[in-house]
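Novice: Dumping the structure here so I can ask a few things about it.
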Amino acid sequence: MRTIEVVESDPTWPVHFATERERLSRMLGAVVVSIHHIGSTAVPGLAAKPVIDVLMEVTDLASLDACRGAMILGGYTPRGENGIPGRRYFHKGVPVRTHHVHAFAVGDEALARHLAFRDYLRTHAEIAREYGELKQALARTWAQDPARYVEGKDALVKRIAAQAMAAWRPQSPA
């Protein structure tokens, strides 16, 4: 069973992302259109689970599926859609996860939603602080129950996501 741990922001998280972005680009070549750092580790100062979330835009899912072996050789465990239609999900790190890759085909609206959420938290410090404090409290209460941890964040995540999409203008690619 995974334990939920939320830690203070680590200034090395962007470096870890950049290293992994280069590895993924080399492994997957022309299948990759763009790779972005998302999730709480992509927001400076935000408390987070110490797992780098990667958003990958790919030419198409069939081409990515054909690279399954390369992802496995790169240390990733493929999980298919893992509950989200149109996504390919991979995680890296056993027994402690270090990276999650969320991949979508060019044009999938999930790409914009993930980037909007990240960008909104980057530019709204008070909301990012509220989100971080909630995650820390939930992790203390539900460290052994990931489903309850996620459920506890749901209302705030939905509120932030709606605000983010209403305000989103694409920023930098990283």
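Novice: Mean residue ellipticity at 222 nm from the helices of the chain, using -39,500 (n - 2.57) per DSSP H segment of n ≥ 4 over the full residue count, to the nearest 500 deg cm²/dmol?
Specialist: Values: 6 runs with 81 residues, N = 174.
Computed ellipticity for the chain at 222 nm equals -15000 deg cm²/dmol.
Novice: Arranged by the count of other C-beta atoms within 10 angstrom, fewest first, what order do Lys92, Lys153, Lys158 take?
Specialist: The order, fewest Cβ neighbours first, is Lys158, Lys153, Lys92.
Novice: Can you compute the modelled spin-label distance between Met165 and Ala18, with each label point 7 Å from Cα toward Cβ, in nm?
Specialist: In this crude label model, Met165 to Ala18 measures out at 3.3 nm.
Novice: How far apart, in nanometres, would the label points at Glu133 and Arg79 be if each is projected 7 angstrom from Cα along the Cα-to-Cβ direction?
Specialist: 3.0 nm
Novice: Taking a virtual spin label 7 Å from the Cα of Leu156 along the C-beta vector, which residues in the range 93-121 bring their backbone nitrogen under 18 Å of it?
Specialist: Zone members listed by number: 117-121.
Bear in mind these aren't lab numbers, they're just calculated from the coordinates by the rules spelled out. These figures come from a predicted structure and were not determined experimentally. Cβ coordinates were reconstructed from backbone atoms using ideal geometry, including for glycine residues, and neighbour counts include every protein chain displayed.
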